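After the structure tokens below, expect a handful of questions from me.
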Amino acid sequence: MRDDTDQEKLIRELDWNLLRTFVFIVQEGSITLAANRLMRRQPSVSQALKRLETRLGTQLIDRSPTHFRVTPAGQTLYQECLDMFGNLVRTIQNTQGTQDVVTGNVKLALLSRIENAFFDTILSDFHRQFPEVSFDLEVMSSQAVRQAVLEKSASLGVCLVHDAHPNLHHAVLYRSYFGFYCGPSHPLFGKRNLTLDDLRGHSSVSFRTDQLWDALRPVALLRAQHKLDDKVIGYTSDLGEAQRMIGAGLGFGPLPVHVAERFVERGKLWRLPPYENTLAIDIHLVHHKNARLNRAEQAMLEMFQNRLERVPLVERS
């Protein structure tokens, strides 16, 4: 075991570039791919990993020509590195934004096609109140949203949530209701008074979270109960692409009712059973419990929290 003097010396002499290289290796799952991302030669990245392992006195990655596995020590170091680099970025942002006028950048990680008046109103009101603040909105899968917030590369996230993560704060932003739909070329298009049994045997498309153990569990449960999950031929994490596949006739599939209904009115989609809005899915606002937010991010979070307290869920949905 290292004594306190050895640990202080290690901290003083440790090359932070080695830690950065290690993070890239873990994220890419390959020394070769990490070298490509860093635009360096593979042997130099391999040597950097060896120097870091030697300096720390422990193996971080168990690797051979046939396998690549991050050791428990490597997993611990990786999480600490993400936390450390995320905090460093936010510290720099805070030191650059100490003037009276609230400035800075708010990075939002969002699931695709958020169509919600409550959310839009907050963005609009925030911009009027803090016109110097800039935004960076990136669309990704719900799993990627959560990871971005955990890594502190995003200030706030809007996503589906199945299991709450202990390092994140979760709040229901709004509630969305899902229904099944098909496109004009589908055999069931235009037919009325159908039952769920009428959907059996038809191919379908769905979201990657449409699983019994994931965020769209109510949809997956309904599929399983009525044996509608035997011919799922298309998966996506993007709402727009799900709508594209459904509209193109690849199969029926679930869509948010408030998004799909205008396409029904235009004859682009057709509502299938269940006709009642019973498939309720909550969309969450998430942020890291220990993130050091800049002034702009803190102001944005406070506005969201104040509005969530004042506006009932039924008015947000």
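Quick check: anything in the range 266-274 in the same structural domain as PHE126 (by TED's automatic domain parsing) and touching a strand residue (DSSP E or B) at 6+ places or on another chain (Cβ under 7 Å)? Can you show your working first?
If we filter the range 266-274 for residues that are in the same structural domain as PHE126 (by TED's automatic domain parsing), which is where we start, we get none.
Checking the range 266-274: not a single residue is in the same structural domain as PHE126 (by TED's automatic domain parsing) and touching a strand residue (DSSP E or B) at 6+ places or on another chain (Cβ under 7 Å).
Additional query: Out of curiosity, is ALA164 exposed (fewer than 14 other Cβ atoms within 10 Å of the Cβ) and closer than 23 Å to LEU110 by Cα?
For ALA164, the condition - exposed (fewer than 14 other Cβ atoms within 10 Å of the Cβ) and closer than 23 Å to LEU110 by Cα - is met.
Which residues, counting only those in the range 101-147, are within 21 Å of the chain's Cα centre (by Cα), β-branched (Val, Ile, Thr) and outside any helix (DSSP H, G or I)?
VAL106, ILE114, VAL139, listed by residue number.
Kindly establish whether PRO187 is of a type outside the set (Ser, Thr, Tyr), closer than 27 Å to ASP229 by Cα and in a loop (DSSP other than H, G, I, E, B).
yes
Determine which member of the set ARG223, ARG175, ARG217, ARG271 is under 21 Å from the mean Cα position of the chain (by Cα) and farther than 26 Å from THR121 by Cβ.
After ruling out the rest, the residue left standing is ARG217.
Examine the range 106-119 for a residue that is of a type in the set (Ser, Thr, Tyr), at pLDDT 90 or above and surrounded by 13 or more Cβ atoms within 10 Å (Cβ to Cβ), and state whether such a residue exists.
no
The values are calculated or read from the model by the stated rules, or taken from the named source; none is laboratory data. The shown structure was predicted, so the numbers you read here are calculated from the model rather than taken from an experiment. Cβ: placed from backbone, ideal geometry, glycine included. Neighbour counts: every protein chain shown.
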